[in-house]
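Asks: Before I ask anything, let me first share the structure, which is written out below as structure tokens.
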Amino acid sequence: MRMTRIVNRFALATLVAAMPALAPAQTAGLSIEQRLQRVEDQLAIQRILINYHAYLDSRNIGAYVSLFAKDGEWVNGSLVRKGPAQIRELLTGLFGNTPPGWVNTESYTHTTNIQIDLHGDRATARSRHLLVKRGPDGSPVPTLAGRYEDELIREDGHWKILRRVDYPVLPTAEEWGKIMQARRAATATAERPKEPK
Amino acid sequence: MMARRLLLVALLAAAPAQAQTGLTIEQRLQRVEDELAIKRILIDYSATQDARDYAGYANLFAKEGEWVNGKQVHKGRDAIHKMLVALYGAPPPGYVNVESYHISSNPRIELHGDRATAKSRHLLVWRGPDGAPLPALAGRYEDELIREDGHWKILRRVDYPVMPTPEEWGKVIQARRAAQQQEKK
Amino acid sequence: MSLVLRAAALALLAAIPATAVAQSAASIEARLRRAEDELAIQRIIVDYAARLDARDYKGYVALFTPDGEWSNRIGSHKGPEAIRKMLTTLGPEGATNTSNYHLVSNPRVEVNGDRATATSRYLFVMRGKDGSPRPALAGLYADELVRQSDGGWKIQRRVANDVMPTREEWAKIIAAERAGQ
């Protein structure tokens, strides 16, 4: 058994030595299996970032919450939500209860510029998001552009978000607050006639 | 031993033909890694540009790397670094850019051993009235890349503006600067 | 180099018990193929936009299987001839197009053996008044893909679902623009 391991290591060393030009620095000394694992980890994490907006935009709150680790955190400025219960509350607070089969034709988010850095069972990721909303004539209007900075963890064999920090860029958090206030005021005015008198 | 080899042969024969037939597992893995590494460079480009990280940006280029837009050509990391300083000035320490950012999308990578080509698209989004993101410039990149000391680097990046055209863009920039000056007053 | 490599690979394999070889080689191969498949399908999604925007109709049609189908809420176009005919409404083949393009993003690929499904998002950006890019149409693609005998992938069915504006709103916008010109 021990002999096998030595032969094995020797063979691998020969294999690696045979292709110096092909081996980039970051994969030097890694086995094929380890290199493949890194590729799979990158694709899996990329997918999590994209699933995030798929679930958010379709208001699939259960699936959204499941993207986070047990102690997962969602952070935006001084707003911090930790653990599945708080994260779920954040979404139900924002969107209320969504009827099953509801299709969102009002907004969606482009997830782009994904950068992933792997550190074994931990990883960091940066990405950008552009929220596009339905404008007055139905045209898509870019409404909110921002960055995410994530920490991820491999939990029970699956990658999960340990901490996501949302950094709004355009508009700033203050400007966004004003826009939302104005929108709520406009909606309230529009809805007033419907109120029983 | 014989059985083992037979098993392996059977295993490989059973595998449906890949587009890159005749490649070893190692070579195929290398291609996947190369593609992911080059996609990352395209994203790092926008990240360093938007963060005004000029050294990081210049370091994405090969020693003889070139940046081209129309008749404008900047060759070598020093020249590329200078181009950024001329374009944006020196950012204050800890600078955070909340004025603009680039969406980098539609990457298409072609690998040729230690060389590669890449095409991608970029959309510059900047601060509009009330702070809302306003798409300002849409274009294409065509890149040649080279594996230099084991790392992929940009050997030549050509920026092709699509909307607006360079002429229109000049006018847009002038108008924006004038508006910003007005605001400051 | 390939001889040395082959010899090294053989030595490597010879050193591992037979069952382990079968398992690990199969799983490494299968895992690698999965990664390759995912990247290949992401590429098709991007190629689609590239060929459409470049008015490369031949290349566009070649992304579909012979029984491939493109559809949206209004109708469907099945087979190479029908798909090509649909494209010619955009203008002559190979025409230079600097007035619009598709930004595609958010690919989600599921591979099941020789079949796959994928969803992605598109933002159709048009030339605005001062030449500025103006997002005009935003939607979702849902694809079914099939592995070909050469190992590559083709689209058997693509459904384009416009989200903003709806088809009806879009027709109004276009009509208003034409009236304004």
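The values are calculated or read from the model by the stated rules, or taken from the named source; none is laboratory data. Every value quoted in this text rests on a predicted model; they were computed, and no experiment measured them. Using ideal geometry, Cβ is built from the backbone for each residue, glycine included, and neighbour counts are taken over all protein chains shown. Each accessible area value is taken on the protein alone, full model and side chains, heavy atoms only, with ligands, DNA and RNA left out. Shrake-Rupley method; radii C 1.70, N 1.55, O 1.52, S 1.80 Å.
Asks: Residues being in contact with a helix residue (DSSP H, G or I) (Cβ under 8 Å, 6 or more places away or on another chain) and open to solvent by less than 30 Å² (accessible area, probe 1.4 Å): count how many of those fall in the stretch A:76-109.
Replies: Total meeting the criteria: 6.
Asks: Kindly evaluate C:Gly139 against the criterion of being within 25 Å of A:Asp137 (Cα to Cα), touching an Asp or Glu at 6+ places or on another chain (Cβ under 7 Å) and within 13 Å of chain B (Cβ to nearest Cβ).
Replies: no
Asks: Residues that are within 14 Å of another protein chain (Cβ to nearest Cβ), modelled with pLDDT of 95 or more and out of contact with any Ser or Thr (no Cβ under 6 Å at 6 or more places or on another chain): does the stretch B:60-81 have at least one?
Replies: Within the stretch B:60-81, one or more residues are within 14 Å of another protein chain (Cβ to nearest Cβ), modelled with pLDDT of 95 or more and out of contact with any Ser or Thr (no Cβ under 6 Å at 6 or more places or on another chain).
Asks: B:Pro135: within 13 Å of another protein chain (Cβ to nearest Cβ), more than 30 Å from C:Glu36 (Cβ to Cβ), free of Cβ contacts under 8 Å to residues at least 24 places away in the same chain and crowded, with 17+ Cβ neighbours inside 10 Å, yes or no?
Replies: yes
Asks: Mind checking which pairs have a first residue in the stretch C:87-110 that is free of Cβ contacts under 8 Å to residues at least 12 places away in the same chain and a second that is β-branched (Val, Ile, Thr), Cβ under 7 Å, 6 or more apart or different chains?
Replies: C:Glu110/C:Thr117
Asks: Restricting attention to the stretch C:103-125, which residues are open to solvent by 20 Å² or more (accessible area, probe 1.4 Å) and more than 8 Å from every other protein chain (Cβ to nearest Cβ)?
Replies: Those that are open to solvent by 20 Å² or more (accessible area, probe 1.4 Å) and more than 8 Å from every other protein chain (Cβ to nearest Cβ): C:Glu110, C:Asn112, C:Gly113, C:Arg115, C:Thr117, C:Phe124.
Asks: Of all residues in the stretch A:35-60 being among the β-branched types (Val, Ile, Thr) and touching a residue at least 24 places away in the same chain (Cβ under 8 Å), which is surrounded by the fewest Cβ atoms within 10 Å (Cβ to Cβ)?
Replies: Ranking the candidates gives A:Ile48 first.
Asks: Only one of A:Gly157, A:Gly138 is out of contact with any Pro (no Cβ under 9 Å at 6 or more places or on another chain) and over 16 Å from A:Ser127 (Cβ atoms). Can you tell me which?
Replies: Unique residue meeting the criteria: A:Gly157.
Asks: Within the stretch B:103-111, is even one residue in a strand (DSSP E or B), touching an Asp or Glu at 6+ places or on another chain (Cβ under 7 Å) and basic (Lys, Arg)?
Replies: yes
Asks: Kindly list the number of the only condition in (1) at pLDDT below 95; (2) surrounded by 17 or more Cβ atoms within 10 Å (Cβ to Cβ) that fails for C:Ala18.
Replies: So the condition that C:Ala18 fails would be (2).
Asks: Filtering the stretch B:160-175 down to residues that are touching a residue at least 24 places away in the same chain (Cβ under 8 Å) and out of contact with any Lys or Arg (no Cβ under 8 Å at 6 or more places or on another chain), which residue is nearest to B:Arg77 (Cα to Cα)?
Replies: B:Pro161
Asks: Anything in the stretch C:146-160 that is within 14 Å of another protein chain (Cβ to nearest Cβ) and under 17 Å from C:Gly68 (Cα atoms)? List them, or say none.
Replies: Once the filter is applied, which keeps residues that are within 14 Å of another protein chain (Cβ to nearest Cβ) and under 17 Å from C:Gly68 (Cα atoms), the stretch C:146-160 yields C:Val146, C:Arg147, C:Gln148, C:Ser149, C:Gly152, C:Trp153, C:Lys154, C:Val159.
Asks: Residues being open to solvent by 50 Å² or more (accessible area, probe 1.4 Å) and aromatic (Phe, Trp, Tyr): count how many of those fall in the stretch B:87-124.
Replies: Count: 2.
Asks: Kindly indicate the residue of the stretch A:121-157 that is open to solvent by 20 Å² or more (accessible area, probe 1.4 Å) and free of Cβ contacts under 8 Å to residues at least 12 places away in the same chain and also farthest from the other protein chains (Cβ to nearest Cβ) among those meeting that condition.
Replies: Going through the qualifying residues, I end up with A:Asp156.
Asks: Okay, moving on. Of the residues in the stretch C:159-178, how many are basic (Lys, Arg) and touching a residue at least 60 places away in the same chain (Cβ under 8 Å)?
Replies: Going through the stretch C:159-178 one residue at a time, the tally reaches 1.
Asks: Something else about it: Residue check, C:Phe64 against (1) open to solvent by less than 20 Å² (accessible area, probe 1.4 Å); (2) more than 16 Å from C:Tyr141 (Cα to Cα); (3) in contact (Cβ under 8 Å) with a residue 24 or more places away in the chain, all met but one. Which one?
Replies: (2)
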